[in-house]
Amino acid sequence: MKIIHLKTNRVVNPLGFDLGKPRFSYTVIDTNGKKQAAARYVVALDDEFQDVVFDSGTREDINSLAFELPLELMPRSRYFWRVEVWADNGEHATSETAWFETAKLSEAWKGTWITPKFNKTIHPILKKSLLLKGPVASARVYVCGLGLYEIYINGLKAGNEFLTPNFNNYHKWLQYQTYDVTELLQTGQNEISVRLGNGLYKGRFGFDGHSSEIYGNTFALLYEMVVTYRDGSTEIIVSNDSWTAEQSQIISGNLYDGEIYDATFQASESYPVREVELGYDRLKARLSLPVVIKEKRKPLEVIHTPAGETVLDMGQNMVGWIEYRTNAPKGSIIRLQYGEVLQEGNFYRDNLRTAMAEHQFTADGRETIVRPYFTYYGFRYVKVEGWIGQLNSEDFTGCVLYSDLDDTGHFETDNSLINRLFQNAKWGQKGNFLDVPTDCPQRDERMGWTGDAQVFSGTACFNMDSYAFFNKYCYDLEVNRRNTKERFRWLFLLLIFVWVVPALGEMRP
């Protein structure tokens, strides 16, 4: 008898999520028992379970799908838990240890929103140097960057997720993320840098393909790092006007058109930052699952088309990007263009409408691995231009990007066409479950869409554990429903004032 799939709010070891009242779940395998007879949860503040804060006792009413933890949680604290299960045939097992860690909860923010003091169209890197006085026991970063952001400490990326702070109505709520950066820090001098890029908040985005700055028009960062030293003391590093800014090597970019990156550009000037009033009332600990690279694929073939193009065939319509290794001479320009189909054997992408869907890289002469930062593509074929020398498909890797969902369902028959149909549906889910269920992932749309999602939701939950994914999206819908309800209420009152009240006046004798 074995206990697996230990999850809190259907997430494995969630760090910094808005959990509300945490709900535990698990699965029992490798048993001859027909049903669960009893279970027991134990929660502690240490992984040795010496400091126990909750013990359910052995109970027959514990549900393996959703046990709500009746405990008042502390901010910025890690809780460890495990479960014992008894089957109706007497079998017994104790699980491995799982954990969850709370975010700031109701704690006030000490950092301030900052933005660089230069043209708002320039993609910035915000920087801070700090001196740590001794060995670090633990360190957490609580952060929100607008439009999209990536954090680096001493040159290494924090976390493995992309396109944070994710996709939602920024007018109504802003998610902040939590990172464990303990291993990235060192005693003595440390360098923090935060790249900011266009996304939904800022930049070209919208149903007509031409909208921009729907939610805001300036880059902004809110940052708070809590460092706990091994001697028990703490230090808090926050975003404020002591930070500096410099121009990024990302020359331009947005979700639809891709990115232009110039590795030869070296920022020669440092700029001050200023505080910006974005407030804290919209901030909420994350609900979104991380958007991560879920799998990698190698090109099946390098095609030389009748039009003389060099095209990579990934063998599968996918969502994400291509990363590649190059040591091209300084000043060389490599351009990738992304498309879904070939037309008469040639590269084709007119179906993308106004989306340029490309990535341009200017080499600095050093060997490097290239990838975009703040965009993604829907594609099977990639046209390569500017490659110097023999193109080797092994230098290219397709990175499949979507929310961190666990596979749960599989379907297979002795008919290859039916199996392919199932795989097509699953790839459709992979391609359109990027934080929100999107209308399409390739052209100038890529927005949340309830139409397909409500039809497909049952299949989605069979294919993958989509509970946390839809929980976040339903929160999106609820937040916007409130907004819509409020607008209709005021519209109704306005109609009464404009039409009904004058009409009543005319009816007086």
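Within the assembled protein chains, the solvent-accessible surface assigned to Ile260 is about 60 Å², based on a 1.4 Å probe. Between the listed residues Leu130, Leu221, Cys440, the Cα displaced farthest toward the positive end of the dipole of the chain, a dipole computed from Cβ unit charges relative to the Cα centre, is found at Leu221.
Put a plus charge on the Cβ of each Lys and Arg, a minus charge on the Cβ of each Asp and Glu, and nothing anywhere else: the dipole of the chain about its Cα centre is then about 1000 debye. Between Asp61 and Ile369, the C-beta separation translates, for a Förster distance of 51 Å, into a calculated FRET efficiency of about 0.45. Please say if the range 295-357 is rounded, prolate or oblate, where rounded means a/c under 1.5 for a ≥ b ≥ c the square roots of the C-alpha gyration tensor eigenvalues, and otherwise the choice is prolate for a/b larger than b/c and oblate otherwise? Here the range 295-357 falls in the rounded category. Solvent exposure of the range 125-241 amounts to 34 Å² per residue of accessible area, where only protein heavy atoms count and the probe is 1.4 Å. Here the range 64-155 is treated as a Stokes sphere of Kirkwood radius computed over C-alpha pairs; at 25 °C and 0.890 mPa s its diffusion coefficient rounds to 132 µm²/s.
Fraction of C-alpha pairs exceeding 22 angstrom in the range 333-452: 48 percent, rounded to a whole number.
Global dimensions of the range 143-291 from alpha-carbon coordinates: Rg and Dmax equal 16.3, 57 Å.
Arg282 contributes an accessible area of around 50 Å² to the protein surface, as traced by a 1.4 Å probe with all chains present. Largest first, the residues Ser106, Ser25, Ser64, Ser212 sort by 1.4 Å accessible area into Ser106, Ser212, Ser64, Ser25.
Panel values: the range 93-216, Kirkwood radius from alpha carbon pairs, Stokes-Einstein at 37 °C and 0.692 mPa s, translational diffusion coefficient 196 µm²/s.
FRET efficiency for the pair Asp414 and Asp281, taken as 1/(1 + (r/R0)^6) with r the Cβ-Cβ distance and R0 = 41 Å, rounds to 0.10.
For the range 1-154, the average shadow cast by the Cα convex hull is 12.9 nm², which is a quarter of the hull's surface. Taking Cα centre as origin and charging only the Cβ of basic (Lys, Arg, +1) and acidic (Asp, Glu, -1) residues, the dipole magnitude of the range 253-338 rounds to 360 debye. Note on Glu107 and Ser268: with the Förster distance fixed at 25 Å, the Cβ-Cβ geometry gives a FRET efficiency of about 0.05. Sorting Arg274, Arg446 on solvent-accessible area from highest to lowest, probe radius 1.4 Å, gives Arg274, Arg446. Normalised by the number of residues in the chain, the average gap of Cα pairs under 8 Å and 6 or more apart makes the relative contact order 13 percent. The length gained on full extension between Asp51 and Asn351, counted as 0.36 nm times the residue separation minus their Cα-Cα distance, comes to 102.0 nm. Using C-alpha pairs under 8 Å with a sequence gap of at least 6, the mean separation divided by the residue count of the range 382-453 gives a relative contact order of 21 percent. Pull out a ≥ b ≥ c, the square roots of the eigenvalues of the alpha-carbon gyration tensor of the range 15-67, then state rounded if a/c is under 1.5, prolate if not and a/b is larger than b/c, and oblate in the remaining case. Prolate shape, in that a/c is at least 1.5 and a/b is the bigger ratio. The largest accessible area among Leu401, Leu278 belongs to the first residue in Leu278, Leu401, and the rest follow in falling order (1.4 Å probe, all chains). The three principal axes of the C-alpha atoms in the chain carry coordinate ranges of 82, 70, 67 Å, sorted with the longest axis first. Only Cα pairs under 8 Å and 6+ residues apart enter the sum, and on that basis the relative contact order of the range 178-270 stands at 20 percent. Share of carbon and sulfur in the accessible area of the chain stands at 50%, probe radius 1.4 Å. Phe207 contributes about 140 Å² of solvent-accessible surface, heavy atoms of the protein only, 1.4 Å probe.
The length gained on full extension between Lys298 and Glu213, counted as 0.36 nm times the residue separation minus their Cα-Cα distance, comes to 27.0 nm.
Using the alpha-carbon positions of the range 259-409, Rg (one decimal) and Dmax (whole number) come out as 18.5, 57 Å.
The values are calculated or read from the model by the stated rules, or taken from the named source; none is laboratory data. What you see is a predicted model, and the numbers here were worked out from it, not measured in a lab. We place every Cβ from the backbone using ideal geometry, glycine too, and count neighbours over all the protein chains shown. Heavy atoms of the whole protein, side chains included, go into the accessibility calculation; ligands, DNA and RNA do not. Shrake-Rupley method; radii C 1.70, N 1.55, O 1.52, S 1.80 Å.
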